[in-house]
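The values are calculated or read from the model by the stated rules, or taken from the named source; none is laboratory data. None of the values given here were measured: they were computed from a predicted structure. Here the Cβ is made from the backbone with ideal geometry for all residues, glycine too, and neighbour counts use every protein chain on show. Accessible surface areas use protein heavy atoms only, side chains included; no ligands, DNA or RNA. Shrake-Rupley method; radii C 1.70, N 1.55, O 1.52, S 1.80 Å.
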Amino acid sequence: VLANILASNHVPPDIQHAYEAAYPEASKLMDFHDKAMSMGSTEEMRGLINGVKGKLFETTYLDELNNGSLPDGWHAELAKSATQPGWDISIFNDHNHLQSVLSAKATEHASYINHALELYPDIDVVSTSEVYAALSGTPAGSHLIDGGISNVDLHQATQAAADGTAGG
């Protein structure tokens, strides 16, 4: 019985890591599930889940870049601040020189992507698969990269961890 109780509140490591990266101070006090359970309103819960979902998207895409998507010797890093304006991921060549920065947007709303491109027209955006599919044939699509992850999958995984139903 105790094992079932503990397993029901399991937070997958990738989601816990995303929570720690998005909310470094709060994560020192409690894990993601406990933080979610402490939220006082639906709006607070939505904000927490969206913040973790966004960081999960960034870290998942970063792992993809660093595990075979970049040329040999190149690497990608997350911005040092979770609130870095304009971009989220920087890409360095084999001489450790900055080659580009990317903005990562875990959303289902094309308007969110268009707004980011209006604010920062020189920064390409990595988006969820749904938004990429919707915008790929438009002018915005030329500055868009398919992150290979659906917003629905990101949201469901993050929500399940928050609810304590992610499994063990």
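Key figures
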| read-out | value |
| --- | --- |
| Segment 83-168: C-alpha gyration tensor shape, a/c 1.5 cut-off, then a/b vs b/c | oblate |
| Exposure of LYS28 as accessible area (Å², to 10), given a probe of 1.4 Å and all protein chains | 150 |
| Folded to 0 to 90 degrees: helix 110-119 orientation relative to the chain principal axis, Cα | 50 |
| The chain - mean residue ellipticity at 222 nm from DSSP helices (-39,500 (n - 2.57) per run, n ≥ 4, rounded to 500) | -14500 deg cm²/dmol |
| P(r) histogram, all alpha-carbon pairs of the chain included - 5 Å bins from 0, percent | 1, 9, 16, 19, 19, 15, 10, 6, 3, 1, 0, 0 |
| Heavy-atom accessible area order for THR60, THR107, THR83, largest first, 1.4 Å probe | THR83, THR60, THR107 |
| Anchor LYS105: lysines whose Cα lies under 25 Å away (excluding residues fewer than 8 positions away in-chain) | LYS35, LYS53, LYS55, LYS80 |
| Degrees, to the nearest 10: 42-64 long Cα axis against longest axis of the chain | 50 |
| Cβ charges +1 (Lys, Arg) and -1 (Asp, Glu), total dipole of the chain, debye | 300 |
| Accessible area of segment 65-134 belonging to carbon and sulfur atoms, whole % at 1.4 Å probe | 49 |
| Largest to smallest accessible area among LEU29, LEU117 [probe 1.4 Å] | LEU29, LEU117 |
| Among GLU20, GLU44, GLU77: highest mean-square fluctuation, GNM of the chain, C-alpha pairs under 10 Å | GLU44 |
